[in-house]
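See structure below.
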Protein chains: 2
Amino acid sequence: MKHDSFNESVEMYLKTVSELAAGDGLAPISALAQHLGISAVSATEMVHRLGEQGLVDHVPYKGVTLTLTGAQHAYRVIRRHRLWECFLSEHLGLGWQHVHDYACQLEHATADEVADAVAAFLGQPAVCPHGNPIPDRNGRLAEPDDEPLSEWRPGDRGSLSRVFPESFLLLDYLAMHNIRPGRTVIVTELAPFNGPMMVQIGGLPHALGHEIAAHIYGIRQNDQPI
Amino acid sequence: MKHDSFNESVEMYLKTVSELAAGDGLAPISALAQHLGISAVSATEMVHRLGEQGLVDHVPYKGVTLTLTGAQHAYRVIRRHRLWECFLSEHLGLGWQHVHDYACQLEHATADEVADAVAAFLGQPAVCPHGNPIPDRNGRLAEPDDEPLSEWRPGDRGSLSRVFPESFLLLDYLAMHNIRPGRTVIVTELAPFNGPMMVQIGGLPHALGHEIAAHIYGIRQNDQPI
DNA sequence: TAGCTAGTTTAGGTAAGCCTTAAAACAGCG
DNA sequence: CGCTGTTTTAAGGCTTACCTAAACTAGCTA
């Protein structure tokens, strides 16, 4: 079977399925279409093509999962993406909130040899600047055991681990408020009626909407001293 | 008029016209087609489209030149290409003969901000690893005053300046023979009937075919001591 | 000066990936 | 069981960038 160097479009589909399926394991086509900014009909078409190529499995009316082959390709793309993010951020001094979009472009134009050389140059980093783990060259990914803040309860404390999934608007907002991996968090209050979650991050109070809280992950350490 | 971030195809055309027109100033469509690995018909079509967008001027049956706008875009692409070559070669330790192809992929996926940051990281290099000058961020390019070895005559001496245009096959051959910018050259003999050119490069004898000699440039310094 | 040849252009066609609109199939609910 | 909203199929189109085959032109050569 030829690897054939999948094109940008295919890589974006695989990467997006991987992201959407991270939690429940099944990515609805509608979500896929929305994420990629295309119509649901087009997404369905493409999913069929990917299915024929053995990259995804489609359960009608339920969603899409990656096959083993598909997952390997997705992780290769994600690896390149996160390695470039490290490089752009640490060595080129580009803004934490901007490197995601730059890496999105570079990830499709990077040969495996280049990705490996970047990894070596960076000292085989384990996570990207936004805290997400970097797959190894064989496509293996260490799943972190953190939880989105949206599942934390008042009194819970710990430290921020990652932002996922990443998007410029979210990252820019977080950068502006100095919220990033490594910061300590304490959940102080959960407003009723689906209101915002009140937290202290790095000692400063913040009100996080539900959507945002679901995209910020942290490791709970309630037994630790304050 | 929108800049619209030209796509890969357009960028390849502009870059190739720039290369082919480097000497005579007019790139024949057939040469363009051959270089890009497409049919002459397709090249003609595309040249029309580029002409409508004001990127090239086409003189029928003669060839193509870049307009001012077209040249600026071409140089932006070339700048990214050569900056990546520097980075890949100097910092990632990838082979001199391989970085050209890797850079060909990256050049189309690099935002100007990233290119500028790479340039700063590298210390604003003046030339790529193959000796070709790097345009500045405004698209200005210092034209070197060297000549292809094919125009040298027996007795001429000097130093190699660059390989142009670049291609993997040529670079690989040169790498294998330790021929690269900076080496000293002396033309010892010009075989008759369009035969090879006999030279000494870095003290070692080489026989260069006409094609190859036309792609290696050097600066003649006949007044210098041996 | 007609004719040859290399280079160019026109005409007609393909494939990938996207689109819209409309109709059919289904899941999950009361 | 039937309703409602989501998902999928069907049909027809668009754009980009490529193709082949055939017609045409420029400029040289006989």
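Where a number appears in this text, it was derived from the coordinates with a stated rule and is not lab data. Bear in mind that the values here come from a model prediction, so they are computed numbers and not experimental data. Virtual Cβ from ideal backbone geometry, glycine too; neighbours counted across all protein chains shown.
Some points to look at:
- Given +1 at the Cβ of Lys and Arg, -1 at the Cβ of Asp and Glu and no other charges, the dipole of the protein assembly as shown around its Cα centre is 300 debye to the nearest 20.
- Scanning residues 5 or more positions from residue B:220 or on other chains, those with amide H under 5 Å from its amide H are B:147, with H placed 1.01 Å from N in the peptide plane.
- Over region A:116-226, relative contact order from alpha-carbon pairs under 8 Å, at least 6 apart, %: 30
- Under the Karplus curve 6.51 cos²θ - 1.76 cosθ + 1.60, θ = phi - 60°, whole-Hz ³J(HN,Hα) for region B:9-19, x wherever Gly or Pro sits: 4, 4, 4, 5, 4, 4, 4, 5, 4, 4, 5
- For region B:8-66, size of Cβ-based charge dipole, Lys and Arg +1, Asp and Glu -1, in debye: 100
- Straight Cα distances below 19 angstrom link residue B:62 to the aspartates and glutamates B:19, B:24, B:45, B:52, with same-chain residues fewer than 8 positions distant left out.
- Sequence-distant residues sharing a close amide H with residue B:188 (under 5 Å, placed H): B:155, B:198, B:199, B:200
- Residue-by-residue Karplus 3J(HN,Hα) for region A:189-194, coefficients 6.51, -1.76, 1.60, Hz, glycine and proline x: 6, 10, 5, x, 6, 6
- Cα gyration tensor, region A:8-66 - rounded (a/c under 1.5), prolate or oblate: rounded
- Options A:91, A:127, A:206, ranked by Cα towards positive dipole end of chain A, top entry (Cβ charges): A:206
- For region A:62-168: rounded, prolate or oblate by the Cα gyration tensor [a/c cutoff 1.5]: oblate
- Per residue of peptide B:131-141, the mean number of Cβ atoms on other chains within 10 Å of the residue Cβ is 0.
- Using the Stokes-Einstein relation with a Kirkwood hydrodynamic radius computed over Cα pairs, the translational diffusion coefficient of the protein assembly as shown at 10 °C and a viscosity of 1.306 mPa s comes to 63 µm²/s.
- Sequence-distant residues sharing a close amide H with residue A:134 (under 5 Å, placed H): A:127, A:128
- Whole-Å semi-axes of the ellipsoid equivalent to region B:147-220 (Cα gyration tensor, √5λ, descending): 17, 14, 11
- Relative contact order computed over chain B (Cα-Cα under 8 Å; 6+ residues apart), in percent: 15
- Cα-based shape type of chain A, given that a ≥ b ≥ c are square roots of the gyration tensor eigenvalues and the cut on a/c is 1.5: oblate
- ³J(HN,Hα) computed for each position of region A:75-89 - Karplus, 6.51 cos²θ - 1.76 cosθ + 1.60, integer Hz, glycine/proline x: 5, 4, 5, 5, 4, 4, 4, 6, 5, 4, 4, 4, 4, 4, 7
- Candidates B:158, A:26, B:44 compared by Cα position along the dipole of the protein assembly as shown: farthest toward the positive end lies B:158, with charges placed on Cβ.
- Helix-only arithmetic for chain B: the sum of -39500 (n - 2.57) across DSSP H runs with n ≥ 4, divided by the residue total, places the mean residue ellipticity at 222 nm at -11500 deg cm²/dmol.
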